[in-house]
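All remarks here apply to the structure that follows.
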Amino acid sequence: MAALARPSGLRAVSLDAAGTLLHPLEPIAATYAAFAQRHGGTASVEHVQAELPRAMAELKSLRTGDPHWRAYWTEVVARATGCSEAALVNELYEHFAHASAWRLAEGARECVAALAEAGLKIGVLSNWDVRLRSILDELEITALFAAVLVSAETGHDKPDRGAFLAVCMGFGVKPNELLHIGDDANADVEGARAAGCHAWQFGVDVGDFAELARTLAS
């Protein structure tokens with residue numbers, strides 16, 4: 001892999017949340033299966049692991065017009081676990097609304113601080129519902145970012161170019177002055193580049209936040 005170089009004219013950096021900045025404390029499929037068992041569900045972890053990403057992709061239309069995504073998550077949980085109890089949806093929704101279900105990626109806090117000190121504007125750009133804000137607040141990292149853009153509020157899911165242009169507008173920068181970092185090759189990398197922004201795939205182009213800080217803050 002070729003050595004990374006800071007893009008010329010870089011003024012701002014946006015970070016994906018799930019899979020980049022944040023990671024579940026426990027495997028999500030295991031959590032779904034365990035919670036479902038309390039309500040009579042019999043789906044195995046393997047079944048949930050196979051069904052969950054398909055359900056999340058196929059049911060995206062249910063997110064429209066609801067920043068909390070309750071209808072969406074109700075159907076996703078039912079399809080992934082085979083259990084449609086309202087209490088199960090409520091318990092899972094509440095569980096993943098708090099920092100106790102998540103961990104901040106190693107070195108992320110230090111990296112964001114270093115990039116800001118180097119004069120870059122740093123933000124979060126995520127396909128998430130409004131619970132992301134409470135999670136970031138509980139992790140005490142909201143203040144590190146100049147902006148947090150949540151797709152449930154903006155109406156633009158990555159890879160929609162509108163998601164990336166919204167970041168640029170919020171920061172007052174041109175697309176070629178923004179670098180987006182995320183773990184999804186399509187939603188994060190291809191989407192950002194199609195909008196005219198720079199993009200690196202987290203875990204592939206850049207290995208971790210320590211490397212990101214060394215590359216951009218030096």
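The values are calculated or read from the model by the stated rules, or taken from the named source; none is laboratory data. Here the structure is a predicted model, which is why all the values come from computation and not from measurement. Note: ideal-geometry Cβ built from the backbone for every residue, glycine included; neighbour counts use all protein chains shown.
Please find, within the range 167-184, the residue that is nearest to residue 149 (Cα to Cα) out of those that are touching a residue at least 40 places away in the same chain (Cβ under 8 Å) and in a helix (DSSP H, G or I).
167
With the structure loaded, tell me whether residue 94 is free of Cβ contacts under 8 Å to residues at least 12 places away in the same chain and not basic (Lys, Arg) or whether it fails that test.
In short, yes.
Give the range 63-91 a look and list any residue that's in contact (Cβ under 8 Å) with a residue 40 or more places away in the chain, more than 22 Å from residue 17 (Cα to Cα) and either under 18 Å from the mean Cα position of the chain (by Cα) or loosely packed, with under 15 Cβ neighbours inside 10 Å (or both), or say none.
87
For residue 183, work out the one condition from (1) closer than 17 Å to residue 12 by Cα; (2) in contact with a strand residue (DSSP E or B) (Cβ under 7 Å, 6 or more places away or on another chain) it doesn't fulfil.
(1)
Among the residues of the range 18-35, write down those that are surrounded by 21 or more Cβ atoms within 10 Å (Cβ to Cβ) and either of a type in the set (A, V, I, L, M) or closer than 17 Å to residue 109 by Cβ (or both).
Scanning the range 18-35 gives 20, 21, 22, 29, 33.
Exactly one condition in (1) farther than 23 Å from residue 64 by Cβ; (2) surrounded by 15 or more Cβ atoms within 10 Å (Cβ to Cβ) is false for residue 151; which is it?
In the conditions (1) farther than 23 Å from residue 64 by Cβ; (2) surrounded by 15 or more Cβ atoms within 10 Å (Cβ to Cβ), residue 151 misses (1) alone.
Applying the selection to the range 124-145, what residues are surrounded by fewer than 20 Cβ atoms within 10 Å (Cβ to Cβ) and under 21 Å from residue 191 (Cβ atoms)?
Within the range 124-145, 145 is the sole residue that qualifies.
With the structure loaded, tell me whether residue 36 is within 20 Å of the chain's Cα centre (by Cα) and touching a residue at least 24 places away in the same chain (Cβ under 8 Å) or whether it fails that test.
no
Do we have residue 137 as among the acidic types (Asp, Glu) and outside any helix (DSSP H, G or I) here?
no
Does residue 29 satisfy being at negative phi and part of a helix (DSSP H, G or I)?
Spelling it out, residue 29 is indeed at negative phi and part of a helix (DSSP H, G or I).
I'm checking my understanding of the structure. Among residues of the range 185-205 that are more than 17 Å from the chain's Cα centre (by Cα) and outside any helix (DSSP H, G or I), which one is farthest from residue 151 (Cα to Cα)?
Looking at residues that are more than 17 Å from the chain's Cα centre (by Cα) and outside any helix (DSSP H, G or I), I get 205.
What do you reckon, is residue 9 more than 23 Å from the chain's Cα centre (by Cα), closer than 26 Å to residue 203 by Cβ and either at pLDDT 95 or above or assigned by TED's automatic domain parsing to the domain that holds residue 167 (or both)?
Yes; evaluated as a whole, the condition is true for this residue.
Which of (1) among the small types (Gly, Ala, Ser); (2) assigned to a loop (DSSP other than H, G, I, E, B); (3) over 19 Å from residue 131 (Cα atoms) is the odd one out, the single condition residue 65 does not satisfy?
The single condition residue 65 does not satisfy is (3).
Conditions tested, residue by residue: (1) among the hydroxyl-bearing types (Ser, Thr, Tyr); (2) part of a helix (DSSP H, G or I); (3) over 24 Å from residue 159 (Cβ atoms).
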position	(1), (2), (3)
57	no, yes, no
76	no, yes, no
84	yes, no, yes
90	no, yes, yes
